[in-house]
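**Q** Structure in structure tokens, see below.
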Amino acid sequence: MTNGPGLSTDEIMAVALEMAGMQRIPDDSAVYVDGQGLRRVMMGVDIGAAELLLARQLGVDGVIAHHPAGGAATLRFPRVLGRQVELMVEAGVPAEEARAVVQPAIARGMLRAQAANFDHTPSVAWLLGMPFLNVHLPLDEVGRRVMIEAIDRYSETLGREPTVADIVEALSTIPEIRNAPTGVMVPVGRLDRPAGRVAVFHGAGTNGGFPVAQALAGAGVGTVVYIHVAPEEADRLRALHLDRFNLVVSGHIASDLIGINLFVAELERREVEVIRMSGL
Ligand SMILES: [Fe+2]
Ligand SMILES: [Fe+2]
């Protein structure tokens with residue numbers, strides 16, 4: 001298994017970019033410590049100082065995180081929320097309105113990032129001499145496409161307009177979601193309602209909360225799929241008492257895993273052994 005020449009941290013990043021069809025590294029992903037010839041790596045959704053020490057104990061050649069783990073990826077993370085504007089426009093929200101809805105979240109995120117000790121985890125990797133990178137948006141984009149395909153494929157077999165329950169069933173055809181302990185939830189709306197037009201909001205930094213969902217409802221979207229949502233945001237949406245709007249939540253780690261598992265398979269195909277932890 002580990003007989004290949006290994007991959008550099010840049011080559012590992014390039015594998016993810018190619019899968020997502022991206023030309024450049026997005027703002028929420030970064031190589032913190034460069035490395036060459038990585039034949040055995042540890043990957044987890046969240047990597048901090050303890051996990052880097054564990055990696056050293058396990059004797060791996062490098063570590064891959066999914067979520068931003070510091071440095072520029074943490075400081076610039078809010079910029080990828082701009083992807084929410086693109087997804088909203090695709091779903092029929094006027095561009096100007098979409099920008100106005102997302103801009104406050106980006107501004108808040110940039111201000112919040114000022115508080116972060118962005119150097120903490122990367123400094124541990126640096127001192128350990130442990131090659132370290134995180135790949136966030138590209139893998140979520142891959143996952144988003146799988147979720148949309150699953151919904152389209154399942155809906156085509158129905159011979160009638162899908163209900164919200166059908167969207168839940170469609171998402172549950174994805175093994176990562178079907179096998180997850182979290183399950184799929186419908187915090188806003190009802191299972192027996194028509195799903196209407198469906199928008200999957202994944203691969204956009206994080207969920208769009210109340211304001212994005214409200215704008216989508218205004219544009220005639222019947223069902224929004226978030227991978228997670230704060231309970232307060234769901235409460236605010238429920239309080240609108242919208243007859244034709246539903247929110248489906250597919251589970252954070254389960255949904256992150258969709259893209260991650262395809263990425264791990266690509267690394268293994270290149271004879272890089274991947275030790276899975278923290279959600280994998
Ligand atoms: Fe993710
Ligand atoms: Fe995530």
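Read-outs: derived from the displayed coordinates by stated rules, not from any lab. Small disclaimer: the values here were computed from a predicted structure and weren't measured. Methodologically, a virtual Cβ is constructed for each residue, glycine included, from the backbone with ideal geometry; neighbour enumeration extends over all protein chains shown.
**Q** Gap in Å between the Cα centre of the range 47-62 and the Cα centre of the range 215-251?
**A** 39 Å
**Q** Non-local amide H neighbours of VAL225 (under 5 Å, H modeled in plane, Pro and chain starts lacking H): which ones?
**A** Hits under the 5 Å cutoff: ALA199, VAL200, PHE201, VAL248.
**Q** ARG160 versus GLU232, label points 7 Å from Cα toward the beta carbon: distance in nm?
**A** Label-label distance for ARG160 and GLU232, simple model: 4.1 nm.
**Q** Tell me which of ALA125, ASN261, ALA234 sits at the most positive position along the dipole axis of the chain, charges placed on C-beta atoms (Lys, Arg +1; Asp, Glu -1).
**A** So the residue furthest toward the plus end is ALA234.
**Q** Also, I was wondering about something else. Quick check on the exposure proxy: order GLU169, GLU90, GLU266, GLU149 from fewest to most C-beta atoms within 10 angstrom.
**A** GLU90, GLU149, GLU266, GLU169
**Q** For the range 141-256, just list the percent of Cα-Cα distances falling in each 5 Å bin from zero outward, please.
**A** Over the range 141-256, the share of Cα pairs per 5 Å bin runs 2, 13, 26, 26, 21, 10, 2, 0 percent.
**Q** Taking θ as phi - 60°, what are the ³J(HN,Hα) couplings along the range 199-214 by the Karplus curve (6.51, -1.76, 1.60), each to the nearest whole Hz, with x for Gly and Pro?
**A** These are the phi-based 3J(HN,Hα) values: 10, 9, 9, 9, x, 9, x, 7, 5, x, x, 4, x, 5, 4, 5 Hz.
**Q** A follow-up question, please. Peptides 93-100, 121-128: what's the order by average Cβ count within 10 Å, highest mean first?
**A** Order by mean packing, descending: 121-128, 93-100.
**Q** Neighbour counts of other C-beta atoms within 10 Å: give me ARG244, ARG144 arranged from fewest to most.
**A** Final ranking by Cβ density, sparse to dense: ARG244, ARG144.
**Q** Based only on other Cβ atoms within 10 Å, what is the fewest-to-most ordering of TYR32, TYR154?
**A** In order of increasing Cβ crowding within 10 Å: TYR154, TYR32.
**Q** Now for a different question. Which of the peptides 247-255, 107-115 is most tightly packed, and how do the rest follow, judged by the mean count of other Cβ atoms within 10 Å per residue?
**A** Going from most to least packed, we get 247-255, 107-115.
**Q** Something else: Name the residues whose placed amide hydrogens come within less than 5 Å of the amide hydrogen of GLY35, ignoring near sequence neighbours (fewer than 5 apart) on the same chain.
**A** THR9, ASP10
**Q** About the Cα centre of the chain, what is the dipole size in debye to 20, counting +1 per Lys and Arg Cβ and -1 per Asp and Glu Cβ, all else neutral?
**A** Here the size comes out at about 340 debye.
**Q** Still on this structure: Just to check I understand the Karplus step: with θ = phi - 60° and J = 6.51 cos²θ - 1.76 cosθ + 1.60, what whole-Hz values come out for the range 275-280, glycine and proline as x?
**A** Taking θ as phi minus 60°, the curve returns 8, 9, 7, 6, x, 7 Hz for the range 275-280.
**Q** Taking only the alpha-carbon atoms of the chain, what semi-axes of the equivalent ellipsoid follow from 5 times the gyration tensor eigenvalues under a square root, in whole Å, largest first?
**A** Taking √(5λ) for each eigenvalue gives 34, 22, 15 Å, largest first.
**Q** Once you charge only the Cβ atoms, +1 for Lys and Arg and -1 for Asp and Glu, what is the size of the charge dipole of the range 1-88 about its Cα centre, to the nearest 20 debye?
**A** 60 debye
**Q** Follow-up question, since we're still on this one. Among ALA204, VAL146, GLY218, whose Cα sits farthest toward the positive end of the charge dipole of the range 141-256 (+1 at Cβ of Lys/Arg, -1 at Cβ of Asp/Glu, about the Cα centre)?
**A** Selected residue: GLY218.
**Q** I need the phi-derived Karplus couplings for the range 138-155: 6.51 cos²θ - 1.76 cosθ + 1.60, θ = phi - 60°, integer Hz, Gly and Pro marked x.
**A** In residue order, the calculated couplings are x, 6, 5, 5, 4, x, 4, 5, 5, 5, 5, 4, 4, 5, 5, 4, 5, 5 Hz.
**Q** Counting pairs of alpha carbon atoms under 8 Å apart in space and at least six apart in sequence, what relative contact order in percent does the chain give?
**A** 26 percent
**Q** Still on this structure, please answer the following. Check which residues have an amide H placed less than 5 Å from ILE275's amide H, if you skip close sequence neighbours.
**A** Amide H neighbours of ILE275: VAL41, MET42, MET43.
**Q** Enter the Cα centre distance for the pair the range 1-35 and the range 82-104, rounded to the nearest angstrom.
**A** Using only Cα atoms to place each centre, the spacing works out to 29 Å.
**Q** Determine the calculated [θ] at 222 nm for the chain from helices alone, applying -39500 (n - 2.57) to every DSSP H run no shorter than 4 residues and normalising by the residue count; nearest 500 deg cm²/dmol.
**A** Only helices count here, giving -14500 deg cm²/dmol.
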